[in-house]
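Trainee: Handing you this structure, nothing more for now.
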Amino acid sequence: MPAPTPPTPSPLTRPRALCIAGPTASGKSALALALAERLPVEIISVDSALVYRGMDIGTAKPTAAERALAPHHLIDIREPTQPYSAAEFVRDAQQLIADIHARGRLPVLVGGTMLYFKALFDGLDDLPPADAAVRAAIEARAAKLGWPALHAELAAVDPATAARLAPADGQRIQRALEVWQITGQPMSALHTTKNIAASAGTACAGPLFSLEPEDRAWLHARIAQRFDAMLADGFLTEVQALRARGDLRPDMPSMRCVGYRQAWEALDAAAPQTGALGAPQLAALRERGVAATRQLAKRQLTWLRSMPQRHVITVGDNSRPSALAQQLLASLPPDFF
């Protein structure tokens, strides 16, 4: 029997937020849009790549038609040259949640950047600010030795942090080594001590639903299908346009996003006279891009399994967004609205 249709939220009842997380390609956005067909919701993106303008195809950014179904927030708010931190996300998300409540609508936070969810739920860690000199020294050593070598160094001093980072994840390896060198303590230890002043009031009052595959092969197939669709939709042309701007570098956080990093590297190796990829190079790019996306999904699932408060929704071949929406709504407590 289908779940009853929930009442329209009132600004006086201050409805809590719904949070939907999951690995890439698990169907989070489709579920959020299915909820938008049943409730007056506004969607807050929890995705560190969707914030960048001009990065549409490779981030699977919602289409104009999808955005017309419900207001979307924290999309296209930065140039690819501009950083966007977890602290900024928490600040922006908190303000949006309050504004959406005031409009009598339900905030739905959707995405796969687990660091953002963690910052929102648990508050911000008391980590030192960036140190330009320390970072420059780490970058110089990485240029000489490679990020996998520095990942091994990190594993020796902070095994917990190293275990959740890919050996090529230079941005996060650099930050973890920077924290170690500045404080003499591993980042994982500092994660256990919260800065009360910074984290006061950052918790998101609402359940976290996690879309998790019953069969990893199902998720891998969807990842491959999505990457193929991106290539067919002009992903390489998008990356070529980003490169042609002249103000972007491959070590910037925006260009280190999964897919963009692999495409940039492939274009670097392309025939200089044409700047185009031949069939073997395109096949190699597809293989590397799909593999990197699978690795991302694995890390996302690892993050999720460390969040004991999550409510798991199993997804697979028979999952339909409308049915998942009904399942989610049926699992909410009666007094949620």
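A short reminder: the numbers here are calculations on the coordinates, not readings from a lab. A quick note: this is a predicted structure, and the numbers were derived from the prediction, not measured. Quick reminder, even Gly has a Cβ in these numbers, built from the backbone with ideal geometry, and neighbours come from all protein chains shown.
Trainee: Which value results for Rg/Rh of the range 132-190 when Rg is the Cα radius of gyration and Rh the Kirkwood radius based on the inverse mean 1/r?
Mentor: Ratio of gyration radius to Kirkwood radius: 0.92.
Trainee: Just one of [x] 15.6; [y] 16.7; [z] 18.3 is mean projected area of the Cα convex hull in nm² calculated from these coordinates, so which is it?
Mentor: Matching the structure shown: [z].
Trainee: While we're on this one: With runs of 4+ DSSP H residues as the only contributors, calculate the mean residue ellipticity of the chain at 222 nm using -39,500 (n - 2.57) per run, divided by the residue total and rounded to the nearest 500.
Mentor: Dividing the helical sum by the residues of the chain leaves -15000 deg cm²/dmol.
Trainee: With springs connecting C-alpha atoms under 10 Å apart, model the chain as a Gaussian network and identify which of Ala160, Ala30, Ala132 has the largest mean-square fluctuation.
Mentor: Judging by the Gaussian network model, the answer is Ala132.
Trainee: Let me ask something else. State the extension gain, in nm to one decimal, for the chain segment bounded by Gln309 and Ala155, taking 0.36 nm per residue of separation less the distance between their alpha-carbons.
Mentor: Taking Gln309 through Ala155 to full extension adds about 52.6 nm, to one decimal.
Trainee: I'd like the orientation of helix 321-330 relative to the chain: the angle between its Cα long axis and the longest Cα principal axis, in ° from 0 to 90, rounded to 10.
Mentor: 60 degrees
Trainee: A further question follows. Order these by the 10 Å Cβ neighbour count, fewest first: Lys118, Lys61.
Mentor: Fewest to most other Cβ atoms nearby, the residues stand as Lys118, Lys61.
Trainee: Tell me, in nm to one decimal, what length is gained between Asp268 and Arg216 on full extension, where the rule is 0.36 nm per residue of separation less the Cα-Cα distance?
Mentor: 15.5 nm
Trainee: Which value, in debye to the nearest 20, gives the size of the charge dipole of the chain about its Cα centre, when Lys and Arg are +1 and Asp and Glu are -1 at the Cβ?
Mentor: 220 debye
Trainee: Compute the signed sum of charges (Lys and Arg +1, Asp and Glu -1) over the other residues within less than 9 Å, Cβ to Cβ, of Ile57.
Mentor: Summing Lys and Arg as +1 and Asp and Glu as -1 gives -2.
Trainee: In debye, nearest 20: dipole of the range 219-295 around its Cα centre with unit charges on the Cβ of K, R (+) and D, E (-)?
Mentor: Roughly 200 debye, rounded to the nearest 20.
Trainee: Continuing with the same structure: Kindly state, to the nearest 0.05, the FRET efficiency for Lys144 paired with Leu69, given R0 = 35 Å and r defined as their beta-carbon distance.
Mentor: Efficiency at R0 = 35 Å is approximately 0.10.
Trainee: Shape of the range 219-295 from its Cα gyration tensor (a ≥ b ≥ c, root eigenvalues): rounded if a/c is under 1.5, otherwise prolate when a/b > b/c, or oblate?
Mentor: oblate
Trainee: Considering only Pro128, Pro80, Pro62, give the residue with the highest GNM mean-square fluctuation for the chain, with springs between Cα atoms whenever their separation is below 10 Å.
Mentor: Between Pro128, Pro80, Pro62, it is Pro128 that shows the largest mean-square fluctuation.
Trainee: Related question: Between Ala130 and Phe337, 0.36 nm times their residue separation minus their Cα-Cα distance comes to what?
Mentor: Once the chain is fully extended between Ala130 and Phe337, it gains 70.3 nm.
Trainee: For Asp251 paired with Gln82, estimate the spin-label separation in nm (one decimal), with each label point 7 Å from Cα along the Cα-to-Cβ line.
Mentor: In this crude label model, Asp251 to Gln82 measures out at 2.3 nm.
Trainee: Something else now. Have a look at Leu208, Leu145, Leu96 and tell me which one the Gaussian network model of the chain (Cα, springs below 10 Å) gives the largest fluctuation.
Mentor: Greatest mean-square fluctuation among the candidates belongs to Leu145.
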